[in-house]
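The block underneath contains the structure these notes are about, expressed in structure tokens.
Please treat every number below as a calculation from the coordinates, not as lab data. Model, not experiment: these values are computed from the prediction. Note that we place each Cβ from the backbone using ideal geometry, even for glycine, and neighbour counts take in every protein chain shown.
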Amino acid sequence: MDATAVQAVFQDKIEQDLKIEPKDPMPDRYRAHLIRQISQHAHSEVIGMQPEGNWITRAPSLRAKQILLAKIQDEGGHGLYLYSTAETLGISREEMIEQLQTGKAKYSNIFNYPALTWADIGAIGWLVDGAAIVNQVALQRTSYGPYARAMFRICKEESFHQRQGYEIMANMMKGTTEQREMAQDAMNRWWWPALMMFGPHDKDSAHSGDAFKWRIKRKTNDELRQKFIDKTVQQAEVIGLTIPDPDLKWNETKQGYDHGEINWEEFKRVINGNGPCNKQRMEHHIRYHEEGAWVREAAAAYHEKFPTD
Ligand code: BYC
């Protein structure tokens with residue numbers, strides 16, 4: 001099929017709101033767009049295990065430890081579905097890891113901040129997974145079939161993660177003055193980076209034009225950010241936390257909150273490799289990837305000997 005025919009078949013499916021499947025004809029730019037987004041999504045899930053993994057040995061109870069372990073394992077699982085999803089588009093796992101480790105592929109800004117106290121584990125679950133759910137529920141309707149289907153399971157698990165985080169924050173807010181201060185301090189540090197997770201404002205979002213044309217995105221960065229803010233402000237009020245934004249104000253006309261401006265300079269610095277923990281995150285990933293080489297070699301050798309297993 002030549003490029004014009006591919007485009008016609010593809011566009012017809014998109015207009016009928018049908019899913020594009022791995023073997024369907026698709027333009028090269030659609031394929032490349034998806035590989036970029038899905039692989040960055042996978043990297044975010046895997047790198048996101050690091051700030052939380054740091055607290056497994058210091059969880060304050062056996063119950064908290066079990067829940068945290070399960071959550072982190074879920075994130076690893078999400079990374080694996082997403083790497084597999086990207087592989088259906090013709091890129092190998094090795095290429096994706098190389099792009100991550102050489103800085104060619106990004107991962108979410110949020111995982112370049114440190115988890116300093118136990119309240120940060122609450123803030124990550126509540127705010128970071130909370131933001132991720134808002135974004136990923138919209139992606140359940142994305143045009144690429146395998147990506148849309150992966151989002152269903154991921155969203156169910158993220159919803160449990162969001163609750164575990166909110167429970168930690170709610171319990172701390174019922175505790176001592178020191179615990180309440182710790183929860184508020186975590187809120188203050190994670191709020192703004194969580195808003196950045198939705199990406200630049202729509203007018204500055206380089207990829208949104210294509211993403212809408214091809215129905216990869218169904219809601220804009222700003223629409224999703226607004227949804228997250230409106231939902232989270234109410235949850236914060238219920239447990240007595242203050243949103244660290246003096247400009248936050250209910251807007252009766254739009255039936256949503258107006259908010260202060262995000263520090264886009266900080267966002268750019270962080271996504272371009274110069275946030276507080278970028279270097280540490282990548283060194284950790286490279287070290288454990290190298291240490292795990294023997295597992296990949298053993299699995300490849302087994303597969304060669306027993307190809308149908
Ligand atoms: N961080 O044109 P734009 C999780 C980049 S993990 C870093 O708006 P797009 C979890 C963007 O890549 C959840 N970079 O882009 C795991 C682009 O640069 P490139 C992660 C960002 O793609 C463990 C440039 O800025 N979720 O839940 O249309 C524990 C221009 O942006 C960010 C996903 O990955 C950012 N926040 O829209 C706990 C969701 N934002 O690629 C929790 C899937 C933008 O040209 N991804 N950039 O070098 C998406 O929905 C979209 O890719 C985005 C950005 C909304 C993030």
Self-check item: Cα Rg over Rh - the stretch 154-289, Kirkwood
Solution: 1.00
Exercise. Please give the direction-averaged projected area of the C-alpha convex hull for the stretch 1-150, in square nanometres with one decimal.
Key: 9.8 nm²
Exercise. Working from Cα positions, state the angle (0 to 90°, nearest 10) between the long axis of helix 129-139 and the longest principal axis of the chain.
Key: 30 degrees
Quiz item: When a footprinting reagent is the concern and you count Cβ atoms within 10 Å, what order do Leu100, Leu127 take, fewest first?
Solution: Leu100, Leu127
Quiz item: Can you give the three extents of the C-alpha atoms in the chain along their principal axes, from longest to shortest, in whole Å?
Solution: 67, 54, 32
Quiz prompt | Net charge contributed by nearby residues that have their C-beta within less than 13 Å of Ala8 (K/R +1, D/E -1) | solution = -3
Self-check item: Sorted by Cβ neighbour density within 10 Å, fewest at the top, the residues Lys268, Lys19
Solution: Lys268, Lys19
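With the contact rule set at Cα under 8 Å and sequence spacing of 6 or more, what percent relative contact order holds for the chain?
18 percent
Return the subset of Lys203/Lys268; Lys217/Lys268; Lys13/Lys213; Lys156/Lys231 for which the Cα-Cα distance in this structure is over 20 Å, preserving the input order.
Exceeds cut-off: Lys217/Lys268.
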Self-check item: Hz values of 3J(HN,Hα) by residue in the stretch 101-118 - Karplus curve (6.51, -1.76, 1.60), Gly and Pro given as x
Solution: 6, 9, x, 6, 9, 8, 9, 4, 3, 5, 8, 9, 10, x, 9, 8, 9, 4
Quiz prompt | Rounded to 10°, Cα long-axis angle of helix 3-15 versus longest principal axis of the chain | solution = 40 degrees
Exercise. Could you tell me how many degrees, from 0 to 90 and to the nearest 10, lie between the Cα long axis of helix 278-291 and the main elongation axis, the longest principal axis, of the Cα atoms of the chain?
Key: 50 degrees
Exercise. Within the stretch 162-263, report the trypsin sites (Lys or Arg not before Pro) that DSSP leaves as loop and that have at most 15 other Cβ atoms within 10 Å.
Key: Lys174, Lys254
